[in-house]
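**Q** For reference, the structure I am asking about is given below.
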Amino acid sequence: MTQSPLQALDIKPATITGTVIHGNAWGRVIGFPTANIEVPGLMAHTGIWAAIVHGDGLPAAGVLAAVSVGTRPTYYGDAGHPLLEAHLLDFADDLYGRELSVELRVFLRAELAFVDTPALVDQLAIDVLNTRDWYSAGARAAA
């Protein structure tokens, strides 16, 4: 039996709850709007995740999301502060000020600094595809 990426990196799924805050809008600018949450202890879950997001105004089963947990090194280098950024798939409502619970379900990859925005956008598209693939492969039945 092979190790999952979670086992190999000793990163465990978790649920992170917090209030959506305004960010710098980079996600919206590059076509991947995010709900941003600052919470203590976030860096224990650094990386890119497939997740399910729950909260007021969301469907009872939650909304599928590709989530970044980290410091956004492409734009801030070593100066970024920890932030959870959830790109909710197929969802477009205003979430500012709402409390969300983000279930980090599957670790997809480590956080990376990309050489430019187009390279980041290309990888984000892959992350979204991997999130959808995970969900369609059986997460829907387990959710």
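The values are calculated or read from the model by the stated rules, or taken from the named source; none is laboratory data. Since we're looking at a predicted model, the values are computed, not measured. Here the Cβ positions follow ideal geometry from the backbone for every residue, glycine too, while neighbour counts run over all protein chains shown.
**Q** Between a residue in region 85-102 that is of a type in the set (G, A, S) and any residue that is surrounded by 10 or more Cβ atoms within 10 Å (Cβ to Cβ) and at pLDDT below 95, which pairs come within a Cβ distance under 6 Å, given they are 6 or more apart or on different chains?
**A** Partner pairs satisfying both residue conditions: A86/T34; A86/A35; S101/T15; S101/T17.
So that you can scan it fast, the table gives a plain yes or no per residue for (1) closer than 20 Å to W134 by Cα; (2) in contact with a His (Cβ under 7 Å, 6 or more places away or on another chain):
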residue	(1), (2)
P40	no, no
I52	yes, no
G55	no, no
G62	yes, yes
F91	yes, no
V106	yes, no
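**Q** Could we say that A110 is in contact with a strand residue (DSSP E or B) (Cβ under 8 Å, 6 or more places away or on another chain) and buried (at least 19 other Cβ atoms within 10 Å of the Cβ) here?
**A** Here the answer is no, as A110 does not meet what is asked.
**Q** Which of the residues belonging to region 86-111 are over 16 Å from P13 (Cα atoms), in a strand (DSSP E or B) and of a type outside the set (A, V, I, L, M)?
**A** H87, E99
**Q** Sort out which residues of region 31-51 are part of a strand (DSSP E or B) and closer than 18 Å to T19 by Cβ, and write them in order of number.
**A** Passing the criteria: A35, N36, I37, A51.
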